[in-house]
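Just so it is clear, none of the values below were taken in a lab; they were calculated from the coordinates. All values derive from a computational prediction rather than experimental measurement. A quick note on method: Cβ atoms are made from the backbone with ideal geometry, for glycine too, and the neighbour counts reach across all protein chains shown.
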Amino acid sequence: MIKQKLQRILLDASKKIGVDVRDVEISYPLHEGHGDLSTNIALRYANSAKKNPMEFANEILKLILKESMNFVEKVEIEKPGFINFFLTEESLLKELDEVNTKKEKYASSDGNKGKKIVVEYSSPNIAKPFTIGHLRSTIIGDAIANLLETTGATVYRDNHVGDWGTQFGKLIYAVKNWGDIRKIEKSDQPLKLLVDLYVRFHQEADENPALEEKARDEFKELESGFNKREQSSKEQKELWEKSVDLSWKEFEKIYQLLGVVFTENKGRGYSESYFEKDLPSIIEELKKKKLLKKSKGAELVFFPKDKYPPLMIIKQDGTSLYSTRDLATDKFRKAHYGDDVIIVNEVGAEQSLYFRQLFETESLLGWFKEGQRVHVGHGLYRFKDSKISTRKGNTIWLEEVIDEARKKAEKLTEASGKLKEKSNIDTIALGSIKWNDLKRSPQLDVVFDWDEVLNMEGNSGPYMLYTYVRTRSILEQVEKTKKEGGKIALNPEELSILRKLNKYPDIVSQAAKAYSPTVLVTYLYDLAKAFNLFYQRHHVLKSEGSQLDLRVKITTAVGIVLKNGLKLLGIQTVEKM
């Protein structure tokens, strides 16, 4: 890649000057008038060179101009010390050929080669249908896993399903007192019936707080007999197991529809209950390292110098919390995947403090080094005036959103006069939903709006799919010529596309490094806009000779990058639309 060549040249120049440069940052200027590539090396290392940035930049420039840089047309220095590089048309055209030769492997790299990374995402709670709120972690985490894989990492896709805790005591109490598990099992929508019972529990508990204690007793009974197979917990365990089985039937339908897969524990991931047997050893290790202290009957980790609020590990009634189970989960990952494993938790941003507490506890235990534990936090879907809450019965089911998106996609295909195929309609509908979510800065909350979620115009999934379909349509219609012509002058729209195509591998690397699919989304939308502008101003089908060859190559390359970029985001393409 051109960027890597330039980095080596700049490193060599710095060494000749006698400056110890550890790494060279090369970025893409926001405006094309400032060059194709830019470096801030002079700003970063001017002090080491004992010069001001502009002097240091000029000294570097003199040295690199003596190098063989046949891919650079000119170099400019911009205050306060940036060095901007303008690439030759030949180098951009060579990169275009690289796209068309390597195809889907064009953005593959070895930047994360040798790294083992667990990506934990989705992690819904048992006995609750998927809501719009579950969508973010599921598709953001899936895209992060895809990006890490294409940059060389070995990725373990884990689904840490919430199938344990006091909420199951509440559900068990509700089913025993107000429900009928046999009727629930026979229902077309068993999870919604379980949710209705869960909501009722909270409504009843608001009037009678003593129910909270009864729920804790139910969970304590379940937990105490879970591994011992005690007869006293048989009823609780059966209700729990049936809730788990009913939930997974629903989850698998959604995952199949979304095209989301997990690699661990036979495709289901390691749930919270999987680690119930490991909790005693975790408690023992915390005690051995004198990290647990009692407070009002509970047991907590208190952090040195009160860096964070204490983290509760065991409740007053002796039952575990998700912190206990998360510690057991990470201890298992360390043993199972190796001491050097990196663990990425794609979980809501509202859990930021909790993850800082968890990571600090694991650091005190000596389990992980800096950078091995990563929390990628996403904002929540909210209503304009309230939070989405299952326990309050105030939510939007994901199935509802998908059904509405299908209706819009169907109207879109009707308007275009194309044959309506169910697979195409599903692809367009899900592409719309996914793109609408991924285009946003993940850490920000999203105010739920039906029109926005199902947007089919502008910066939308259908716009991206339509742009890809346009490239396919052009290539199907073009009559390939064998005429050979001389060199032609590139117009501004063609140059703009070539410059954007040149960025693609680096964009993928940036998105993987930042654990941010939005970086790729922004790039793909810019590429689609540039291609559509090119299409509006220039005739591909009416071109001839070398000009036709060039425009066919550009169209082919744009199609390749759009298809593969969307695939990394978990969005499939269609051939007709």
Cβ-Cβ FRET estimate between residue 340 and residue 256, R0 fixed at 30 Å, reported to 0.05: 0.35
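Suppose we look only past 19 Å in the calculated P(r) of region 165-259. What percent of the Cα-Cα pairs does that tail hold? The partial results should precede the final answer.
On the way: 1957 of 4465 pairs.
Roughly 44 percent, once rounded to a whole number.
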From phi via Karplus (6.51, -1.76, 1.60), per-residue ³J(HN,Hα) for region 280-285 in Hz, x at Gly/Pro: x, 5, 5, 4, 5, 5
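Return the calculated 222 nm mean residue ellipticity for the chain, to the nearest 500 deg cm²/dmol, obtained by summing -39500 (n - 2.57) across DSSP H runs with n ≥ 4 and dividing by the residue count. Write out the running numbers ahead of the final one.
On the way: 20 runs with 312 residues, N = 577.
Counting only the DSSP helices, I get -18000 deg cm²/dmol.
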Residue exposure sequence - 524, 398 - by fewest surrounding Cβ within 10 Å: 398, 524
Reach of residue 567 by Cα under 12 Å, taken over aspartates and glutamates that are not fewer than 8 positions away in the same chain: 104, 142
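Over 21 Å between Cα atoms, which of 186/253; 242/315; 529/576 qualify? Could the numbers behind the result be given before it?
Details: 186/253 17 Å; 242/315 26 Å; 529/576 19 Å.
Going by Cα-Cα distance, 242/315 fall outside the 21 Å limit.
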17 Å Cα-Cα reach of residue 290 towards aspartates and glutamates, excluding residues that sit fewer than 8 places from it in its own chain: 299, 306, 360, 362
On Cα atoms only, tilt of 352-364 relative to the major axis of the chain in degrees: 80
Two-site label geometry, residue 22 and residue 298: point separation in nm, points 7 Å out along Cα→Cβ: 4.1
In order through region 509-524: 3J(HN,Hα) via Karplus (6.51 cos²θ - 1.76 cosθ + 1.60), integer Hz, x for Gly, Pro: 5, 4, 4, 5, 5, 8, 6, 9, x, 4, 4, 6, 4, 4, 4, 4
Helix axis angle, 545-568 relative to the chain longest principal axis, alpha carbon, degrees: 20
Those aspartates and glutamates that a straight Cα-Cα span of less than 19 Å connects to residue 542, excepting residues fewer than 8 apart in one chain: 476, 479, 484, 493, 494
Sparse-neighbour loop sites [trypsin sites (Lys or Arg not before Pro); region 51-129; at most 12 other C-beta within 10 Å; DSSP]: 66, 113
Residues whose placed amide H lies under 5 Å from that of residue 162, excluding near-sequence neighbours: 125, 126
Scattering curve values for region 303-392, log₁₀ I(q)/I(0), Debye with Cα scatterers, q = 0.10, 0.16 Å⁻¹: -0.33, -0.78
Amide H within-cut-off set for residue 348, under 5 Å, with H built and near neighbours excluded: 378
Derived scalar couplings ³J(HN,Hα) [region 328-333; Karplus, 6.51 cos²θ - 1.76 cosθ + 1.60; whole Hz; x for Gly, Pro]: 5, 4, 6, 5, 4, 4
Rounded tilt (10° steps) of 461-477 against the dominant C-alpha axis of the chain: 40
Coarse-grained scattering of region 401-568 at q = 0.11, 0.16 Å⁻¹, given as base-10 log I(q)/I(0) from a Debye sum over alpha-carbon atoms: -0.52, -0.99
For residue 382, residues with placed amide H under 5 Å, excluding near neighbours: 446, 447, 448
Environment charge at residue 266 (Cβ cut-off 13 Å; Lys +1, Arg +1, Asp -1, Glu -1): -1
Modelled FRET efficiency - R0 60 Å, residue 102 with residue 178, Cβ distances, 0.05 increments: 0.50
Backbone N under 12 Å from the residue 488 label point (7 Å along Cα→Cβ), restricted to region 538-556: 538-555
Neighbourhood net charge (10 Å Cβ-Cβ; Lys/Arg +1, Asp/Glu -1) for residue 555: +4
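Using just the alpha carbons, could you tell me how many Å³ per residue the convex hull of the chain encloses?
Details: hull volume 108.2 nm³, N = 577.
Value for the chain: 187 Å³ per residue.
Note down the Stokes-Einstein diffusion coefficient of region 2-87 in µm²/s, whole number, using a Kirkwood radius over alpha carbon pairs, 10 °C, and 1.306 mPa s.
On the way: Rh = 12.6 Å.
Taking Rh from Cα pairs, D becomes 126 µm²/s.
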Residue order, fewest to most beta carbons within 10 Å, for 433, 425: 425, 433
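Please go through the residue pairs 115/434; 3/94; 192/214; 15/369; 51/513; 289/331 and name each one whose alpha carbons sit more than 21 Å apart in this structure.
Numbers: 115/434 28 Å; 3/94 14 Å; 192/214 23 Å; 15/369 32 Å; 51/513 32 Å; 289/331 15 Å.
From 115/434; 3/94; 192/214; 15/369; 51/513; 289/331, over 21 Å: 115/434; 192/214; 15/369; 51/513.
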